[in-house]
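All remarks here apply to the structure that follows.
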Amino acid sequence: MVNRGLEMIRDCGALRFTDAAAQAHAALVQRAAAVLSSYGADGEVMLADAFEGTATDPRRMSVMLERAAVPAMLRTPGSRQTVLRYRDGAGEAALAALLACAARPGTPIAADPESLSILALAERIAACDIPVLINGPTGTGKEVLSRFIHERSARKDKPFVAINCAAMPEAMLEALLFGHQKGAFTGANAASEGFFRAANGGTLLLDEIAEMPLTLQAKLLRALQEGEVVPLGATQPIKVDVRVIACANRDLPLEVEEGRFRADLFYRLNVFPLALRALCERPDDIAPLAFAMVLRHSAHAPWIADETLALLTTHSWPGNVRELENVIRRALVLAGNAPVIAPEHIAFDRPARLISEPVHTAATSVSNGKLSNIVQISESRAILATLDACGGSRVAAARQLGISERTLRYRLASFREAGIAVGGRR
């Protein structure tokens, strides 16, 4: 992205590009435009060919050729503009870096087809003023998706208020949600409006909703049904206009079945459910997220080597996006002022999902007592056994295992790297 003074510029939503860029980098332009337009990304990125205007200046052409050999993300002092240099416009790294540069801080970044479909659906949901329930493991970006829905809605100019229902005792949570009058309880030296009234006209995010006590769930249900709250110590309800988005990392239907969550509240919230998968099940998101975190946490923004991206993709990411951010921040420290983050700069929170010994030594691993080894070896045995039972069909095996074919492919690749024979399976 260089040279904002160019005359012939085409527009494709968040992506603008010159005619020269469209011709010289057609694959990158088409792929980036398809991704960004699929969820209406509202950041702005300008793609131009670095060699525009150099044809009549041999010395400048020579300098540009020398620089182009080194991939880089170069920030323009005093602005949010970033210049990209890459070797292969059709490669994963170039697209990932471009998507990261196009995203505004705090907005979703995605390239995986399933993630893109969820964002496109969320944008449609945003136009409808209905409750939304977002389910997914911890650290998968549920709050980011909630903010995306709010910012695409008619309520975008009103407050977005988030509260973690697991972070405080029941009595305090009730006061924070519904407000309280002065003297309503010991220490209430002043009245408080509460989060419902603070979010009036806007959106209220109830994170970790499964952790809310049952008694408080009943009061929340009434607030949602009647559109009003009764502050602690008050006798008269107060009308509120709030859109509620609830997030959970537990299986709420199971919580309802086992009596830990009210069925009526579940159905009130579950008007339109969305589900975010674990990061390891959407590997195409890893590279753009990694580049975005480099831009977020580094002033000089080093490039991420292709070998490093391959290493990141094969990790199991038990901590999801939060763990990825830890790994990138750690890599930036280890890389120092190096222009590229290399594989040796990567240190995972716990060992990567690479089986460290053959399957037939499972009994030895059990005797060693390392739970991580036991789990990894058991997983490899289960996957390979399922593949055998399905006659080597990855599609059938993935369906039976309840994972995507892409996830199965990465699991098999990690087995091969660990020296486990996968055989002639297709």
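For E52, only one of the following conditions fails: (1) within 30 Å of L274 (Cα to Cα); (2) in contact with a Leu (Cβ under 8 Å, 6 or more places away or on another chain); (3) modelled with pLDDT under 75. What is its number?
With respect to (1) within 30 Å of L274 (Cα to Cα); (2) in contact with a Leu (Cβ under 8 Å, 6 or more places away or on another chain); (3) modelled with pLDDT under 75, E52 is out only on (1).
Could you list, in sequence order, all residues of segment 211-254 that are touching a strand residue (DSSP E or B) at 6+ places or on another chain (Cβ under 9 Å), open to solvent by less than 10 Å² (accessible area, probe 1.4 Å) and in a helix (DSSP H, G or I)?
Within segment 211-254, L220, A223, L252 meet the criteria.
So V83 ticks every box in (1) buried (at least 18 other Cβ atoms within 10 Å of the Cβ); (2) over 29 Å from A154 (Cβ atoms); (3) aliphatic (A, V, I, L, M) but one. Which box is left unticked?
It fails just one condition, (1).
Considering only segment 364-372, I want to know if a residue exists there that is modelled with pLDDT of 65 or more, of a type outside the set (F, W, Y), out of contact with any Ser or Thr (no Cβ under 7 Å at 6 or more places or on another chain) and open to solvent by less than 20 Å² (accessible area, probe 1.4 Å).
Let us first name the residues in segment 364-372 that are modelled with pLDDT of 65 or more, namely none.
Within segment 364-372, none of the residues are modelled with pLDDT of 65 or more, of a type outside the set (F, W, Y), out of contact with any Ser or Thr (no Cβ under 7 Å at 6 or more places or on another chain) and open to solvent by less than 20 Å² (accessible area, probe 1.4 Å).
So for segment 103-118 (the condition being more than 30 Å from L224 (Cα to Cα), modelled with pLDDT under 85, crowded, with 18+ Cβ neighbours inside 10 Å and in contact with a Lys or Arg (Cβ under 9 Å, 6 or more places away or on another chain)), does at least one residue qualify?
No, segment 103-118 contains no residue that is more than 30 Å from L224 (Cα to Cα), modelled with pLDDT under 85, crowded, with 18+ Cβ neighbours inside 10 Å and in contact with a Lys or Arg (Cβ under 9 Å, 6 or more places away or on another chain).
Need the failing condition index for L269 against (1) open to solvent by 20 Å² or more (accessible area, probe 1.4 Å); (2) more than 30 Å from P77 (Cβ to Cβ), just the number.
Here L269 clears every test but (1).
The values are calculated or read from the model by the stated rules, or taken from the named source; none is laboratory data. The shown structure was predicted, so the numbers you read here are calculated from the model rather than taken from an experiment. Counting neighbours? That spans all protein chains shown, and the Cβs are built from the backbone with ideal geometry, glycine included. Areas reflect the complete protein model, heavy atoms only, side chains present, ligands, DNA and RNA absent. Shrake-Rupley method; radii C 1.70, N 1.55, O 1.52, S 1.80 Å.
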